[in-house]
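Below you'll find the structure, written out as structure tokens, and then a few comments.
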Amino acid sequence: MLLTAVAVVLTGCIQTREAALGPGETLETFYTNLFAGDFEGAESLCDTLRMKEYIEKVQDRWSDADSSVMAIVPAILSETAVSITDIVKNGQERTVFYKLTATDGSDKEKIATLRKEEGGWKIKSITDRH
């Protein structure tokens, strides 16, 4: 009975933490999951077929890689920095401007659109910033 009570409390804390994530934190958590190979965790933060395709492209690249390469990829990707540069409000949506910076210093500017759903933020799209 004590274990059940602890499980209920921990589940509530985890759900509260996820619901409390802002749009920038949701995006950072998405990339943490994606770079760790937790594709289900990444997908749980998304709400569109377009994002499912985005994740599947990354997953396909993982599955095509040599096993010796894959042994070090999570460590390398975990060092990739997500830097939020701006968040623009538009009703229940937010446009997040950010930069992904790799360990070699190269970076890529991107834009994500998120929508508030059921108390949490869900990623609708990610595009390159031109």
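The values are calculated or read from the model by the stated rules, or taken from the named source; none is laboratory data. None of the values given here were measured: they were computed from a predicted structure. Here the Cβ is made from the backbone with ideal geometry for all residues, glycine too, and neighbour counts use every protein chain on show. The area values use the complete protein model at the heavy-atom level, side chains included, leaving out ligands, DNA and RNA. Shrake-Rupley method; radii C 1.70, N 1.55, O 1.52, S 1.80 Å.
Against the list (1) open to solvent by 80 Å² or more (accessible area, probe 1.4 Å); (2) of a type in the set (D, E, K, R); (3) modelled with pLDDT of 95 or more; (4) not in a helix (DSSP H, G or I), the condition D104 fails is (3).
Once region 107-130 is narrowed to residues that are outside any strand (DSSP E or B) and within 24 Å of E53 (Cβ to Cβ), the residue that is least open to solvent (accessible area, probe 1.4 Å) is R129. Of the helices (runs of 4 or more DSSP H) entirely within region 1-47, those holding at least 2 residues that are modelled with pLDDT under 50 and either closer than 21 Å to D60 by Cα or open to solvent by 60 Å² or more (accessible area, probe 1.4 Å) (or both) occupy 2-20. Residues of region 113-123 that are farther than 12 Å from Y31 by Cα and modelled with pLDDT of 95 or more: T113, L114, R115, W121, K122. In region 95-108, the residues that are over 8 Å from S83 (Cβ atoms) reach residues that are among the hydrophobic types (A, V, I, L, M, F, W, C) and outside any strand (DSSP E or B) with C-beta atoms within less than 7 angstrom, at least six apart or across chains, in these pairs: V96/L27; T103/I76. Counting only residues that are closer than 22 Å to D38 by Cα and of a type in the set (S, T, Y), region 78-108 holds 6 of them.
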